[in-house]
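To start, the structure under review is shown below, and the notes come after it.
Taken together, the values in this text are just the output of simple stated rules run on the coordinates, not laboratory data. All of these numbers come straight from a predicted model, not from anything done at the bench. Here Cβ is always computed from backbone atoms with ideal geometry, including for glycine, and neighbour counts include all displayed protein chains.
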């Protein structure tokens, strides 16, 4: 079967000293005309390396040592730089993950899209401008004339990605390589971009090689799928076949780790409120010399919520919704301008710094970034004992406590003297959990604790959280942008937009019958919702 | 227009800075052993205490420090920098006489250093870790470590004494009476060595920064995008990397303005140029503290002006700033 | 430590280290090789190097043994360099850390202060300080430290501004750590690498500043200094140019050593950029 692009037995070697010898090992992928082919893998699977190899943009010291890439009956690997340049952009286009950094901040959008024409064609600038404007309307950008003159930092994430797509498709290439183009976008924006890609693909007949880590996206747009692990092809096939009847154990494991977005029926939630948030507001003011340039951002507008003892409250929203600000107000990292936050009987908002420090052992936080949330110069053990020692526990006892916590979170107690960089992302989150739980808090605020993790690791950490909640009798506030995760782990959920809570209630009810338009939009935007994974995990259920 | 407002804003912000500087320096000079009157006395060959009292009263040096400070600041705003007892002229006149030479030296050294540093930095970055980079970086490191005054002296030895192609000092041939173009050429010939001396030292810094900046920018994502669009490596460098890499260089000009002015003190002394730097040295030696303070004020003004221009230029280059 | 191995494997750093060891050796052996006061008259003035076996670097205008002054001068340069750098870095780090961590009014005030210092050309400010407080070697050293702190303050502040919002700092605040402990025991160790690299720049500049002062005869005349030698040799530049030439090479070597070590440190601490 002659496809459009045939990668056969491609092997790409890494320089000596890398964590493995091959970035790609004997990889064969077949891209057919007019199809959307998804390449799915976790971090370290080599999926981005394939994109670079196709375009001949491998980094220095990384080279192809075996195999071939054939495009339109020519071997791409045998082409010289000059011939390769004629193909890049014109015949094979590429879009990247981070639209903010993928565009030159000093040049206007129109200039950068126009560069495609200036590099590959002889058109004059007036014609180029017309083409650019029509491209921008093709990708459904409102006010193309304004955007054409604008600079990247003046656009939103979604607009930037649309501009990137316009740029990549400017010369109507046969293939579009998309390297995780929606990973950095909000879920609603992601839905729009996925629809746009599908639409453009159908109209222009472009073949798309779509690289992702999200099975939901695969379910949403793929025609065929290839699964990668550690640089090797694990399995490939038509989408429905692979998603519903996977044959390889790794594929099955990955699919099982995807949380279903159908929440289990809610258990009765009664009991006292352990945390009450009443009418909290927070406004950021940026002062400029002229009144005109003063920027006012209302991060939180009159937010009220309550957390019942022993349950998990999910706070769901996209970027800019204020969910992180709310989390930080709760632990008093940020001081709200107005409103009251009560923990049990204590009123947190009116406490002095010193009292707050004493109170801190009752409410703790787990952070999002496994790399930034641990001080790289402290050992794992020190990180866990710090809090205990600060609150008066003598050193040796603190160490014993820490050792025990390590076991509880599933880490080897011998690893206490190692530094954070020696642990994986999932292990670092476990250390963060140990640190927070060592103080035996009543409430745990988890700010997107699994968003930066691979899907399989995500599942483990979520299971761990569910168990810990039961063991320690924790009440939890769980911040996330991922509705699937919220569906599985939260008893009640509050949806935030632009600093306000637009809807809240028991998770099952909100998901089944959303009342607010925004909630409906959010739920509609979940990629791949028509597909229900066979062995979907349900963490509330297994935790009993 | 936006840039202008932005730059004006920054300029206005530096006014209080300037005032702090001067108030501080004025108070500092109160600690100086001996004042203008003592210096005058020394020049005149001594005098009795009654005369000193009179002179002090005349110069207003008998009032309290705070009163003197207020008086000083009010005069300053009117650009009245006081009187130089040593030169017998108002300080502002002395400074204005010497200002052109320093400005000429600064402008030519800065242009030379910036242009040279830019070109060599780009060259070194293009061939990073290969021999052109090694050679350029080594020469840069050596010039960076060279004391300016010593380089000047060595320049004099080689070019003025041995090869006799350039003059050993001075701004122009005194008493030759050149005018117009001939005069300009004469000045250029006299400024060649001083410019090279001061310029080479700063070239080393600009070179290093440009090279580092280029290397940094080359790792950024949009460079990858440009290559994925099919641009040749040279085109990527020219149209995407260069402009972004220039930004830290422009900032550096502002930061180095003060250091360059400081460097002019020694270079002007070595080459006997009639500039502000040498005036400062003479003022220290002759304890003419009024003049010294005046020079510091004018230097600070110069630095602020340079930074103002740098801000405007930066805002032109980087559209993210003016917001 | 990985950083140390990377540092020692870097040829640039090794050259710098060797040069510095050489200069330090000169400084340490000065007293034993030249037991007499180097500023005393030692022989006939203006003898060429290698012309008299007693003075293998020749003598200067006042008949001093140039080699002796060179060796003792190494002590002075290194000492001034180190002490002035310590003063400048301590002030700079303190101000930068407080401004960067607390932000707000404290930041405004401290930054205005820093800007005020930076607006003045540092050599001119040095001249003023010397004019006011004198040329004693201690005064000169402190003065050099006082004019050199602004840049390290800016650098430290920038590091603190970026680290202060990192999640591990937020975590320290949630477990109830006090501000001072966070600043000095959590953030500062992470902010140090670029600051330490910058210390080498400060030291290089300090040595150059001192030698410039000495050249202009504004430094301590009772201390043997390379700059002094060069200044003294101006009068005989046309004929006995070696008096000015030789000490300059020493200054160059020392400053080069310090600056290469700084570069090596920078490369060792940022391996990602080095590999290009």
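Against chain A, whose longest principal axis comes from its Cα atoms, helix A:455-472 is set at around 10 degrees.
To the nearest ten degrees, helix C:188-215 and the longest principal axis of the Cα atoms of chain C are 30 degrees apart.
What FRET efficiency comes out for the pair residue C:162/residue B:317, r = Cβ-Cβ distance, R0 = 22 Å, nearest 0.05? Here the calculated transfer efficiency is 0.40. With only the Cα atoms considered, the range C:118-157 has a convex hull volume of 58 Å³ per residue. For the range B:63-190, the Kirkwood estimate of hydrodynamic radius, built from reciprocal distances between every pair of different alpha carbons, is 19.3 Å. With only the Cα atoms considered, the range A:238-395 has a convex hull volume of 255 Å³ per residue. Size estimate for the range A:419-484 follows the Kirkwood approach: the inverse of mean 1/r over distinct Cα pairs works out to 12.4 Å.
With the convex hull of the Cα atoms taken as the outline of the range A:123-186, the averaged projected area works out to 4.9 nm². In this rough spin-label picture, where each label sits 7 Å from Cα along the Cβ direction, the residue C:50-residue B:80 distance is 6.5 nm. Footprinting exposure proxy ranking of A:511, C:55, fewest other C-beta atoms within 10 angstrom first, gives A:511, C:55.
Each distinct pair of alpha carbons in the range A:1-134 adds a 1/r term; the inverse of their mean, the Kirkwood radius, is 16.9 Å. Counting every other Cβ atom within 10 Å of each residue's Cβ, B:260, A:49, A:100 order from fewest to most as A:100, A:49, B:260. What whole-number volume per residue, in cubic angstrom, does the convex hull of the C-alpha atoms of the range A:364-442 give? Dividing the Cα hull volume of the range A:364-442 by its residue count gives 83 Å³. Ranked by the mean number of other Cβ atoms within 10 Å per residue, highest first, peptides A:242-248, A:303-309, B:141-147 order as B:141-147, A:303-309, A:242-248. Computed from the Cβ-Cβ distance with R0 of 30 Å, the FRET efficiency linking residue B:69 to residue C:109 stands at 0.90. Across peptide C:6-12, the mean count of Cβ atoms from other chains lying within 10 Å of each residue's own Cβ comes to 1.
Over chain C, the pair-distance histogram of Cα-Cα distances with 10 Å bins from zero comes to 7, 24, 28, 22, 12, 5, 2, 0 percent, rounded to whole numbers.
In terms of other Cβ atoms within 10 Å, A:146, A:272, C:210 run from fewest to most in the order A:272, A:146, C:210. Taken along the Cα-to-beta-carbon direction at a fixed 7 Å, the label points for residue A:32 and residue A:304 span 5.9 nm.
Taking every Cα-Cα distance in chain A and sorting them into 10 Å bins starting at zero, the pair-distance distribution P(r) comes out as 3, 16, 24, 25, 19, 10, 3, 0 percent.
For the range A:59-145, the Cα-based Rg and Dmax, in that order, read 16.3, 48 Å. From the mean inverse distance of alpha carbon pairs (Kirkwood) and the Cα radius of gyration, derive Rg over Rh for the protein assembly as shown. Using only Cα positions, Rg/Rh for the protein assembly as shown is 1.02. Straightening the chain between residue B:249 and residue B:219 buys 9.0 nm, computed as 0.36 nm per residue apart minus the Cα-Cα spacing. Using only Cα atoms, find the angle between the long axis of helix A:125-138 and the longest principal axis of chain A, and express it within 0 to 90 degrees, rounded to the nearest 10. Approximately 50 degrees, to the nearest ten.
Calculated translational diffusion coefficient of chain B (37 °C, 0.692 mPa s; Stokes-Einstein with Kirkwood radius over alpha-carbon pairs) equals 145 µm²/s. According to the Cα-based calculation, Rg over Rh for the range B:203-292 is 1.31, with Rh computed by the Kirkwood formula. The shape of the range B:229-271 can be summarised by an equivalent ellipsoid whose semi-axes, obtained from the alpha carbon gyration tensor, come to 38, 11, 4 Å from longest to shortest. Highest mean packing first, where packing is the average number of other Cβ atoms within 10 Å per residue, the peptides A:440-446, A:468-474 line up as A:440-446, A:468-474. For the peptide C:173-183, the mean number of other protein chain Cβ atoms found within 10 angstrom of a residue's Cβ is 6. Per residue of peptide C:255-262, the mean number of Cβ atoms on other chains within 10 Å of the residue Cβ is 3.
Scaled against 2.2 N^0.38 Å for its residue count N, the alpha carbon radius of gyration of the range B:164-323 is 1.39.
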